[in-house]
Protein chains: 2
Amino acid sequence: MQENLISILSEAGIEDELIQEIQKVGFPKTARSGELIITPGSTSMHMPIVLEGLLSVVRQDEDANEILLYYLEGGETCAMSLACCIEGKRNDFKVTAEDDSVLWMIPMNYMDEWIQNYRSFRKYVFSSYQTRFDELLETIDSITFLNLYDRLYKYLLDKKQATKSYEIKMSHEQIAQHLNTSRVVVSRLLKQLENEEKIELERNRISIL
Amino acid sequence: MQENLISILSEAGIEDELIQEIQKVGFPKTARSGELIITPGSTSMHMPIVLEGLLSVVRQDEDANEILLYYLEGGETCAMSLACCIEGKRNDFKVTAEDDSVLWMIPMNYMDEWIQNYRSFRKYVFSSYQTRFDELLETIDSITFLNLYDRLYKYLLDKKQATKSYEIKMSHEQIAQHLNTSRVVVSRLLKQLENEEKIELERNRISIL
DNA sequence: CATTGTTTGTAACTAATGTTACAGAGTGTG
DNA sequence: CACACTCTGTAACATTAGTTACAAACAATG
């Protein structure tokens, strides 16, 4: 686990001195698949870096309707937590473990200092922001320019890439939530995808062909 | 114009030394209402700061469908240009003057140095990023959770706030483009808003009541 | 293996949004 | 004022997505 952290940080260009500090002040956190990591309305005191597994970041409205914003994969961090903390704002999103995952939690109060003192960390944080920004734009593209059929298929392909597995283990209901639509609609379109031989359907499992 | 720049920057907490440098290496640019400032596919060599007026930032897909992402008002800057430049990527959005506007253009090659040397500038850039991030999220909320009627009304109220005028001088066609829908649909819903006495319609003009 | 809860399939219907077509009103210009 | 052009209103229709309702398949558990 520690090796994982070190390799991730040094690959991101973080210098040894800072890596040691991150090891010292941070701590690991494991989450089982499905576990809620950040809830809307809370205030983040830690910035999580994903060491293993996969997290989903989901936006919610007042009526608890949801939409998937993006995934966080190994090596990535939650720029939004950072922003939330710097500005002292509440989280208005929720983060869930999509797989069994391991995170490295860094207390927020070190952030400002490190951003100031370490060029490499600055770069890491900036580039995280930028990546998230790009992904938000891609999400906007999907909801704006695609119909639900294409959005669903793209969703499946994205998930395939994020999990590096052609098998998606989810119920139609769960998918419907990520796309902010209803289960019946998802079932209908999935069946259509199956008829067109793009996927195969089983209970709690979708195979991408 | 210069006074405007100085007051904006010092209000953002930028120190005098840097303000002077920004004045020295930058230059003003005026744009008439409707003028295109950044086109998709181009590479930005300058970061624009809005001194006067109002810019719109619009996302486009391959078929030239569009959606408004957010406005840039006085004092704000285009974080996306910055990101584009740092990563050397193409712009995949377009920026248009919504009113007659004045910008201060800063050559990109100073950015890295200033971010490194000036705490205040770092903060300014970070906070710009954060503001844009929040606005993207709000845009996602609107597209995802609102029906077109509510989205349109929110669009009008947002525009009212951005221009500080209860009169919106646009054709239905222009509004339809910002919302990625058709003119006929916008006309239909505007008429409904008028019947409910929330707005008044004239040619090329909508009054918010 | 009976019971319960979850998941999926499907039909029938409703609502929202998009499209096509056309008329009439307003504006600018020679 | 005649003409061309843009903008708006509206009807009729098509398509997409959302809803309700129900049955059957499957899984977990005692």
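So, of the residues in the stretch A:12-55 that are out of contact with any helix residue (DSSP H, G or I) (no Cβ under 6 Å at 6 or more places or on another chain) and of a type in the set (D, E), which turns out to be surrounded by the most Cβ atoms within 10 Å (Cβ to Cβ)? For the stretch A:12-55, the residue satisfying everything is A:E21. The single condition from (1) among the charged types (D, E, K, R); (2) within 12 Å of chain A (Cβ to nearest Cβ); (3) in contact (Cβ under 8 Å) with a residue 24 or more places away in the chain; (4) part of a loop (DSSP other than H, G, I, E, B) that B:D63 fails is (3).
Of all residues in the stretch B:180-199, count the ones that are within 11 Å of DNA strand C (Cβ to nearest atom) and either free of Cβ contacts under 8 Å to residues at least 40 places away in the same chain or within 14 Å of chain A (Cβ to nearest Cβ) (or both). Result for the stretch B:180-199: 9.
Residue count for the stretch A:188-197, restricted to those that are in a helix (DSSP H, G or I) and surrounded by fewer than 16 Cβ atoms within 10 Å (Cβ to Cβ): 5.
Annotation: A:I14 fulfils all but one of (1) touching a strand residue (DSSP E or B) at 6+ places or on another chain (Cβ under 8 Å); (2) not in a helix (DSSP H, G or I); the unmet one is (1).
Looking at this structure, is A:A79 more than 18 Å from A:Q174 (Cβ to Cβ) and either crowded, with 22+ Cβ neighbours inside 10 Å or within 11 Å of chain B (Cβ to nearest Cβ) (or both)?
yes
Is there a residue being within 11 Å of DNA strand C (Cβ to nearest atom) and basic (K, R) anywhere in the stretch B:200-207? Yes, the stretch B:200-207 contains at least one residue that is within 11 Å of DNA strand C (Cβ to nearest atom) and basic (K, R). Being under 30 Å from A:S182 (Cα atoms), β-branched (V, I, T) and crowded, with 16+ Cβ neighbours inside 10 Å is a condition met by at least one residue of the stretch B:154-176. For the stretch A:169-204, the set of residues classified as closer than 16 Å to A:D158 by Cα and either hydroxyl-bearing (S, T, Y) or within 9 Å of DNA strand D (Cβ to nearest atom) (or both) consists of A:A176, A:L179, listed by residue number.
Selection of helices (runs of 4 or more DSSP H) fully inside the stretch B:71-179 by the criterion of at least 1 residues being modelled with pLDDT of 95 or more and within 16 Å of DNA strand C (Cβ to nearest atom) returns B:119-145, B:148-163, B:172-179. For the stretch B:84-107, state whether one or more residues are among the small types (G, A, S), buried (at least 17 other Cβ atoms within 10 Å of the Cβ) and over 30 Å from B:T181 (Cα atoms). No, the stretch B:84-107 contains no residue that is among the small types (G, A, S), buried (at least 17 other Cβ atoms within 10 Å of the Cβ) and over 30 Å from B:T181 (Cα atoms). A:Y129 meets all of the listed conditions (1) surrounded by fewer than 17 Cβ atoms within 10 Å (Cβ to Cβ); (2) within 12 Å of chain B (Cβ to nearest Cβ) but one, namely (1).
May I ask you to verify whether B:L69 is buried (at least 20 other Cβ atoms within 10 Å of the Cβ) and more than 13 Å from chain A (Cβ to nearest Cβ)? Before the answer, list the steps.
Details: buried (at least 20 other Cβ atoms within 10 Å of the Cβ): yes; more than 13 Å from chain A (Cβ to nearest Cβ): no.
It is false that B:L69 is buried (at least 20 other Cβ atoms within 10 Å of the Cβ) and more than 13 Å from chain A (Cβ to nearest Cβ).
Looking only at residues of the stretch A:139-157 that are in contact (Cβ under 8 Å) with a residue 24 or more places away in the chain and under 21 Å from B:D92 (Cα atoms), we find that the one that is farthest from the other protein chains (Cβ to nearest Cβ) is A:R151.
The values are calculated or read from the model by the stated rules, or taken from the named source; none is laboratory data. Computed from a predicted structure; not experimentally measured. Virtual Cβ from ideal backbone geometry, glycine too; neighbours counted across all protein chains shown.
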